[in-house]
Each structure stands twice: as C-alpha cells, then as structure tokens.
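Trainee: This is the structure I have questions about; it appears just below.
The values are calculated or read from the model by the stated rules, or taken from the named source; none is laboratory data. Not measured: the values here are computed from a predicted model. Cβ: placed from backbone, ideal geometry, glycine included. Neighbour counts: every protein chain shown.
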C-alpha cells in the first residue's frame, strides 16, 4: 500500500486477522503487511487501538486466573471447524446455504453434548 486508499477488502482481511496480529501469532511477512496497513489506515488503526486496549484490560483484570491447559487447543479447534463449515456451506455464488450449515451445526452440537 503505497499512497493508495485502503480497499474495503484489505480492511476486512486485516480485521479478520487482528487478534492473530495482537497475539504475535502471524508469520513475520504477514505481520509486517498488517503493521503497514494499520499505520496507513485510520479506521483500522482505531480498531487496532481499541482491541489492544481491551486485551490489556482483560489481561490486567483476569490475567491471574488459572486456565485449563487444553482450553486454547479446544478454542482453536472450534474456530477451525467453524471456518471449515462456513467455506463448505458457501454456495456457487459464495452465498451460504443456511439450512445445510444449521443442520451440520446441530449435528455437531449433539455430538459434543
């Protein structure tokens, strides 16, 4: 991004991966691109600042609680499953088939119960 106005798709992608960036979980090249975009895009910079402040507040207020050791793995696994379901549910025009996604979600919820 050199002097160009940020495109909404760029902003959407940046915001989709904002927590990965905040948590330093991105490869260096991707992290550098995120930083460059955030530095040049005031709406994304504002959102970044807000999310960073929320993260710091949560850490300060809740940072002393013991967390089950497998919680992170379970959360990431669930996120991956949701993303996979969403990509499979996309119809030919990129529109999700809500009935199919809902049926899969209900089946998965029954398995987890």
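Trainee: Is it the case, given these coordinates, that residue 52 is more than 30 Å from residue 108 (Cα to Cα), surrounded by 11 or more Cβ atoms within 10 Å (Cβ to Cβ), in the same structural domain as residue 13 (by TED's automatic domain parsing) and under 15 Å from the mean Cα position of the chain (by Cα)?
Mentor: yes
Yes or no, residue by residue, for (1) under 20 Å from residue 11 (Cα atoms); (2) part of a helix (DSSP H, G or I); (3) modelled with pLDDT under 70; (4) in the same structural domain as residue 12 (by TED's automatic domain parsing):
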position	(1), (2), (3), (4)
33	yes, yes, no, yes
36	yes, yes, no, yes
44	yes, yes, no, yes
47	yes, yes, no, yes
57	no, yes, no, yes
105	no, yes, no, no
